[in-house]
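A short write-up of the structure that comes next.
The values are calculated or read from the model by the stated rules, or taken from the named source; none is laboratory data. Keep in mind the model is a prediction, meaning the values are calculated, not measured. When we count neighbours, we look across all protein chains shown, and the Cβ atoms used for this are built from the backbone with ideal geometry, even at glycine. Keep in mind that these areas ignore ligands, DNA and RNA; they rest on the heavy atoms of the full protein, side chains included. Shrake-Rupley method; radii C 1.70, N 1.55, O 1.52, S 1.80 Å.
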Amino acid sequence: MTRPGDPARRARLLHEGNRRPGPVLHWMSRDQRVDDNWALLHAADLARQRRTTLHVAFALDPAFPGATRRAWDFLVRGLEEVEATLRRQGIPFHLLTGDPPAELIRFCRKYKIGEVVTDFSPLRHKRRWMAGLAEATGLPVVEADAHNIVPCWLASPKQEFAARTLRLKLNRSLSDWLEEFPPLDPPSAPSHLPPPTDWEGVRQAVAGARPVPPVDWLDPGPAAARAHLQRFVAGPLRTYALTRNDPTRDGTSNLSPWLHFGHLSAQRAALAAGPAAAPDEARLAFLEELVVRRELSDNFCLYNPSYDTPEGYPAWAKKTLALHAHDPREHLYDLDTFAAARTHDDLWNAAQRQMIRTGKMHGYLRMYWAKKILEWTPTVAEAHRIALTLNDTWELDGRDPNGYVGVAWSLGGVHDRPWANRPIFGTIRCMTANGCRSKFRVPDFLARWPA
Ligand SMILES: Cc1cc2nc3c(=O)[nH]c(=O)nc-3n(C[C@H](O)[C@H](O)[C@H](O)COP(=O)(O)OP(=O)(O)OC[C@H]3O[C@@H](n4cnc5c(N)ncnc54)[C@H](O)[C@@H]3O)c2cc1C
């Protein structure tokens, strides 16, 4: 039996394996923070119960396909802070560099690990790595959901149809799960900590990544994330409901890069927004995005193996897109033209430049931007590939379930419904430049992101 506040209720055994007497390993992956981390809390509890020590390891793959200098910079600087925080609490941190399952298998053997606890991710590379580790070591592997407020597999046992169906389920149980985190109570420290990580060496190991420059308008790491959250709930949250869809205003939280790297827990953000001095309308609109939409993305990726291709679209969307597959396209562009922001559409180009320069395109424009790619490419498969490639090259929050679902919603009607029939789109919801003009001052946005 587990109680509120017990991290065990957010964990499930993925691979039974053979429990051995050695230390517990917390394999930190998606949630790169020490505070407010249910997976780390669960690993620490297990280590205490078993009267053994706790190790934390992060497996960094310098050859991760498509990785950029921008993303590595954010990740590596965040991990430096994680290591420093853990060392202050006497918990050893190990940065493993290379093929993740191979490095973790080696590590488990070297340190005679008895059990592994990792954080939950619905994405296939992490699930493959977990299976590889479990098979090769024969150890019990537990995953704990440190990313969602309601553990993804408990929120729903199946792929949800739309936001409204998941919202109903979440609303029924959210008050049970939206609880304060217990403090981390470190188990007994090992006799000595490993030497600190050679972070310069790590930077060199990832120096060959794609040359997308880091950004400097936000600092990575849990401390910067918490400070930014405090500023947001004390200020812009008040007008969130009114300004969030206006790309010329700084009306959204900008929390997504920290949420993506797990520098900030969404549960912490929800706990901070709950009692904030903001109108109900603003708090509810923010929680709808932060909780329902975000957790819906994890739900889709967990239960739909084709989460990043048109195979994952609903049947009605596949059908309507197939009926319009041969509709004439007035403009056709290839990946390089899109990437260089050289389409005929000033608004699209400006949105692309905002993403290239800041690593974060405004959320309202992401929908317009993706839908136009469908309109200006020969096939939906090509449009899907281009949209994800651009998104995951430049967005700091890229390679995230929210991105896979954002693209699948825009191009393939995922979580949406049929709308009026149009060329190319069929009954997929379409967005136009005129629609944008009615929502915000397009010339102001163009002036902010000149060529
Ligand atoms: C084509 C397309 C691509 C996208 N790519 C990504 C991506 O790669 N990574 C990513 O995190 N989000 C992505 N989104 C979702 C959304 O646009 C961003 O999460 C949001 O713009 C982040 O800005 P913010 O933190 O200021 O958002 P806020 O409006 O302040 O929202 C708070 C948090 O709620 C969550 N959220 C907001 N909108 C959505 C949404 N539509 N779906 C799911 N969660 C949401 C995010 O975690 C966000 O940080 C994409 C959307 C589209 C249409």
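Okay, here's what the table says:
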quantity	calculated
The listed residue being within 18 Å of R244 (Cα to Cα) and buried (at least 21 other Cβ atoms within 10 Å of the Cβ), out of A370, A408, A351, A387	A351
Scan of segment 238-249 for residues that are out of contact with any Phe, Trp or Tyr (no Cβ under 6 Å at 6 or more places or on another chain) and more than 9 Å from the ligand (Cβ to nearest atom), ordered by number	R238, T239, A241, L242, T243, R249
The listed residue being under 30 Å from K126 (Cβ atoms) and part of a helix (DSSP H, G or I), out of A381, A350	A381
Selected residue (criterion: farthest from the chain's Cα centre (by Cα)) from residues of segment 330-346 that are open to solvent by less than 50 Å² (accessible area, probe 1.4 Å) and free of Cβ contacts under 8 Å to residues at least 12 places away in the same chain	T337
Index of the failed condition, L79 passing every other in (1) part of a helix (DSSP H, G or I); (2) of a type in the set (A, V, I, L, M); (3) over 30 Å from L287 (Cα atoms)	(3)
In segment 247-287, the residues that are farther than 22 Å from Q354 by Cβ, open to solvent by less than 30 Å² (accessible area, probe 1.4 Å) and among the aliphatic types (A, V, I, L, M)	L264, A266, A269, A270, A272, A273, A276, A278, A282, A285
Conditions (1) surrounded by fewer than 16 Cβ atoms within 10 Å (Cβ to Cβ); (2) without any contact (Cβ under 8 Å) to a residue 12 or more places away in the chain: number failed by T243	(1)
Residue within segment 316-329 that is assigned to a helix (DSSP H, G or I), open to solvent by less than 40 Å² (accessible area, probe 1.4 Å), modelled with pLDDT of 95 or more and closer than 27 Å to F120 by Cα present	no
Residue match in segment 208-222 (condition: more than 25 Å from the chain's Cα centre (by Cα) and open to solvent by 30 Å² or more (accessible area, probe 1.4 Å))	no
Filter result for G398 (under 28 Å from the mean Cα position of the chain (by Cα), within 14 Å of the ligand (Cβ to nearest atom), in a helix (DSSP H, G or I) and not hydroxyl-bearing (S, T, Y))	no
Residues of segment 407-429 that turn out to be in a helix (DSSP H, G or I) and either within 10 Å of the ligand (Cβ to nearest atom) or among the hydroxyl-bearing types (S, T, Y) (or both), as a count	5
Residues of segment 50-76 satisfying the condition of being part of a strand (DSSP E or B) and either among the hydroxyl-bearing types (S, T, Y) or over 25 Å from I113 (Cα atoms) (or both)	T68
Residue match in segment 143-158 (condition: polar (S, T, N, Q) and either closer than 23 Å to T52 by Cα or open to solvent by 10 Å² or more (accessible area, probe 1.4 Å) (or both))	no
Criterion: away from the ligand (no atom under 12 Å from the Cβ), touching a helix residue (DSSP H, G or I) at 6+ places or on another chain (Cβ under 9 Å) and among the hydrophobic types (A, V, I, L, M, F, W, C) - qualifying residue of A278, A285, A273	A278
Positions within segment 81-107 being closer than 22 Å to L396 by Cα and surrounded by fewer than 18 Cβ atoms within 10 Å (Cβ to Cβ), in sequence order	T97
Residue pairs meeting the criteria (Cβ under 9 Å; at least 6 apart or on separate chains; first loosely packed, with under 12 Cβ neighbours inside 10 Å, in segment 167-179; second assigned to a helix (DSSP H, G or I) and at pLDDT 95 or above)	N171/V292
Selected residue (criterion: least open to solvent (accessible area, probe 1.4 Å)) from residues of segment 411-450 that are among the polar types (S, T, N, Q) and within 20 Å of L347 (Cα to Cα)	T432
Total residues in segment 293-310, condition within 21 Å of Y364 (Cα to Cα) and surrounded by fewer than 20 Cβ atoms within 10 Å (Cβ to Cβ)	1
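Residues checked against (1) away from the ligand (no atom under 15 Å from the Cβ); (2) farther than 26 Å from V292 by Cα; (3) under 20 Å from the mean Cα position of the chain (by Cα); (4) not in a helix (DSSP H, G or I):
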{"residue": "L388", "(1), (2), (3), (4)": "no, no, yes, no"}
{"residue": "V405", "(1), (2), (3), (4)": "no, no, yes, no"}
{"residue": "M431", "(1), (2), (3), (4)": "no, no, no, yes"}
{"residue": "P443", "(1), (2), (3), (4)": "yes, yes, no, no"}
